[in-house]
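Visitor: I'd like to ask some things about the structure below.
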Amino acid sequence: MTTEIQLYDTVEAIAAEHERRKVELERVTVLAAECQVELKKDYLTEHKQCSWRNILDKSNARQWMSTKQSHDVTAMLFDTPEKLPEITVETLRSWLQDLIVGSPDMLRDLCREAFEFLTPQVRSGQYKSNENKREIPQSGRVVLQWMCQQDKWETSPHLRYDSGQRLDVLDRIFSLLDKRAKPEGDVTTYHLCQAASRRGETEVSIFWGTLKMHKNGNLHIWLTRPDLLKKLTEISAGNNMRAAEAA
């Protein structure tokens, strides 16, 4: 995998393969109409959906997207596929150029989302490691509430299902900042934590920190890469960033 926005294959090759399959499906559609056979689904639209999903994967664009941006793209792919642009060499070149030009803004938005996640504003002052102002601690831990749970028949706490999306943001941004491929499949932070829980363990270490799951629902994160933290805070607008500044 690459940690830059680019396509593995040339836009010419991608467009040509898409067009080849499109022509085949158009012939099937015409033949079905001539034979008065009703197709079970719109194969041409489905083909365009699959092609755009492959393009997103091959460009590594999703790694740069904030959660909202990713949701918007997914909604278009699955809810309004008829609005997807046609796939041509010109379209792909323009789309890729727009991504490259917009990548600094995308990176900043992703940094700000991670910043907000790592700087919960606990007004009660219960956890001294969390500042009332939004500032990522340069050492020590961050305490995140409502990230874990433990059923009565389990020996160790595990992450809540919705915690996976939040930890995926950290995997993506720290991978980008460290110029490495994003963890996928069984080696994502979320899956490593769930695997540890099944083994009766509560602690997991990954390249950007150490996480410990607690029975009270809290997840403690020790951030062990000050170089990545510095990049994160600088890109997301610096230390002491208030929620209003991240909006």
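Visitor: Would you check if there is a residue in region 19-35 being without any contact (Cβ under 8 Å) to a residue 24 or more places away in the chain, in contact with a Phe, Trp or Tyr (Cβ under 8 Å, 6 or more places away or on another chain), in a helix (DSSP H, G or I) and crowded, with 16+ Cβ neighbours inside 10 Å?
Guide: For region 19-35, residues without any contact (Cβ under 8 Å) to a residue 24 or more places away in the chain, in contact with a Phe, Trp or Tyr (Cβ under 8 Å, 6 or more places away or on another chain), in a helix (DSSP H, G or I) and crowded, with 16+ Cβ neighbours inside 10 Å: present.
Visitor: Name the residue that is most open to solvent (accessible area, probe 1.4 Å), counting only residues in region 55-74 that are more than 18 Å from residue 113 (Cα to Cα) and touching an Asp or Glu at 6+ places or on another chain (Cβ under 9 Å). Break it down into steps so the answer makes sense when it comes.
Guide: So the first thing to find is which residues in region 55-74 are more than 18 Å from residue 113 (Cα to Cα), and the list is 55-60, 74.
Retained after the next criterion (residues that are touching an Asp or Glu at 6+ places or on another chain (Cβ under 9 Å)): 58, 60.
Details: 58: 67, 60: 10 Å².
It comes out as 58.
Visitor: To continue, here is another question. If the Cβ limit is 8 Å and pairs must be 6+ apart or interchain, which residue in region 174-190 that is more than 15 Å from residue 114 (Cβ to Cβ) pairs with which residue that is open to solvent by 30 Å² or more (accessible area, probe 1.4 Å) and among the aromatic types (Phe, Trp, Tyr)?
Guide: 180/207
Visitor: Is at least one residue of region 164-176 closer than 21 Å to residue 109 by Cβ and among the acidic types (Asp, Glu)?
Guide: Scanning region 164-176 turns up at least one residue that is closer than 21 Å to residue 109 by Cβ and among the acidic types (Asp, Glu).
Visitor: Taking the options 67, 80, 74, name whichever one is within 20 Å of the chain's Cα centre (by Cα) and free of Cβ contacts under 8 Å to residues at least 24 places away in the same chain.
Guide: 74
Visitor: Hey, among the residues in region 88-106 that are among the charged types (D, E, K, R) and within 12 Å of residue 6 (Cα to Cα), which one's most open to solvent (accessible area, probe 1.4 Å)? It would help to see each step written out before you state the result.
Guide: First, pick out the residues of region 88-106 that are among the charged types (D, E, K, R): 90, 93, 98, 105.
Next, from what is left, pick out any that are within 12 Å of residue 6 (Cα to Cα): 93, 98.
Details: 93: 127, 98: 100 Å².
Step by step, filter region 88-106, then rank; the result is 93.
Visitor: Identify all residues within region 172-187 that are within 13 Å of residue 225 (Cβ to Cβ) and either surrounded by fewer than 22 Cβ atoms within 10 Å (Cβ to Cβ) or among the acidic types (Asp, Glu) (or both); write none if there are none.
Guide: Passing the criteria: 175, 178, 179, 180.
Visitor: Scan (1) over 22 Å from residue 181 (Cβ atoms); (2) touching a helix residue (DSSP H, G or I) at 6+ places or on another chain (Cβ under 9 Å); (3) assigned to a helix (DSSP H, G or I); (4) open to solvent by 30 Å² or more (accessible area, probe 1.4 Å) for the single condition residue 39 breaks and write down its number.
Guide: For residue 39, the exception is condition (3).
Visitor: Inside region 188-205, can you point out the residues that are touching a Leu at 6+ places or on another chain (Cβ under 7 Å), open to solvent by less than 30 Å² (accessible area, probe 1.4 Å) and not polar (S, T, N, Q)?
Guide: 193, 204, listed by residue number.
Visitor: Okay, next question. Within region 159-174, can you find the residues that are farther than 16 Å from residue 67 by Cα and in contact with a Lys or Arg (Cβ under 8 Å, 6 or more places away or on another chain)? Can you show your working first?
Guide: From region 159-174, those farther than 16 Å from residue 67 by Cα are 159-160; that's our starting set.
Correct list: empty.
Visitor: With the condition being in contact with a Gly (Cβ under 9 Å, 6 or more places away or on another chain), at pLDDT 90 or above and of a type in the set (S, T, N, Q), I'd like the helices (runs of 4 or more DSSP H) fully within region 149-235 carrying at least 1 qualifying residues. It would help to see each step written out before you state the result.
Guide: On the way: elements: 163-177, 189-198, 226-235.
Where helices (runs of 4 or more DSSP H) fall fully within region 149-235 and carry at least 1 residues being in contact with a Gly (Cβ under 9 Å, 6 or more places away or on another chain), at pLDDT 90 or above and of a type in the set (S, T, N, Q), they are 189-198.
The values are calculated or read from the model by the stated rules, or taken from the named source; none is laboratory data. In this text, all values refer to a predicted model and were calculated from it rather than measured experimentally. Reconstructed Cβ throughout: ideal geometry from the backbone, glycine too, with neighbour counts over all protein chains shown. Heads up: the accessible areas ignore ligands, DNA and RNA and are worked out on the full protein's heavy atoms, side chains in. Shrake-Rupley method; radii C 1.70, N 1.55, O 1.52, S 1.80 Å.
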